[in-house]
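Everything on this sheet refers to the single structure shown next.
The values are calculated or read from the model by the stated rules, or taken from the named source; none is laboratory data. These figures come from a predicted structure and were not determined experimentally. All Cβ positions, glycine included, derive from the backbone under ideal geometry; neighbour counts span all protein chains shown. With ligands, DNA and RNA removed, areas are computed over all heavy atoms of the protein, side chains included. Shrake-Rupley method; radii C 1.70, N 1.55, O 1.52, S 1.80 Å.
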Amino acid sequence: MLPTDAENLYVVLSAKVLNPNLTIVARAGEEGSEQKLLRAGADRVVSPYHIGAENSPTLLKPSVVDFIEFATRSGNIDLQMEEISVREGASIAGSTLDQCGIGRELGIIIVAIKRTGGDMTFNPTFKTVIKPEIS
């Protein structure tokens with residue numbers, strides 16, 4: 001995540017030239033930048049403006065909005081979000097989150113688990129079983 005939309009745009013363009021098959025999720029910091037990033041090759045764009053518009057109940061909770069804005073501004077906190085696929089035969093496949101110890105050992109917070117069919121479990125418990133992705 002870079003400090004300006006212009007820098008994010010440059011990275012999207014450069015990345016697509018280097019590997020057109022990349023899936024790119026870009027961050028738009030200014031209203032109106034989403035379309036530019038999509039035209040440049042981003043597959044999805046995350047924007048505080050878009051998040052606020054789609055989640056209008058959040059507007060009734062100003063602390064939530066403050067956190068989202070704070071977390072998405074570069075340099076404020078060390079926040080990194082990743083998506084990881086678990087393949088058949090992976091050592092953690094079939095284990096619960098507690099058994100595999102991924103959160104404890106890597107110091108990460110698992111926000112959600114997306115199943116092969118597209119269903120998502122948000123804030124999974126330590127008893128949630130990690131199932132491999134079915135191709």
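Close amide-amide hydrogen proximity is noted between Thr96 and Ile130, each under 5 Å apart and 5 or more residues distant or on a separate chain (H modeled in the peptide plane; Pro and chain starts excluded). The phi-based Karplus calculation (6.51 cos²θ - 1.76 cosθ + 1.60; θ = phi - 60°) puts the 3J(HN,Hα) values of the stretch 102-116 at 4, x, 5, 6, 9, x, 10, 10, 8, 7, 7, 10, 9, 7, 3 Hz, whole numbers, x for Gly and Pro.
Gain on full extension, evaluated as 0.36 nm per residue between Ser14 and Arg87 minus their Cα-Cα distance, stands at 23.3 nm.
Modelled label positions at Lys127 and Ile109, each set 7 Å beyond Cα in the direction of Cβ, lie 2.3 nm from each other. Peptides 87-96, 104-113 ranked from most to least packed give 87-96, 104-113, packing being the mean of other C-beta atoms within 10 angstrom over each peptide's residues. Heavy-atom accessible area, probed at 1.4 angstrom with all protein chains present, ranks Val129, Val86 as Val129, Val86, highest first.
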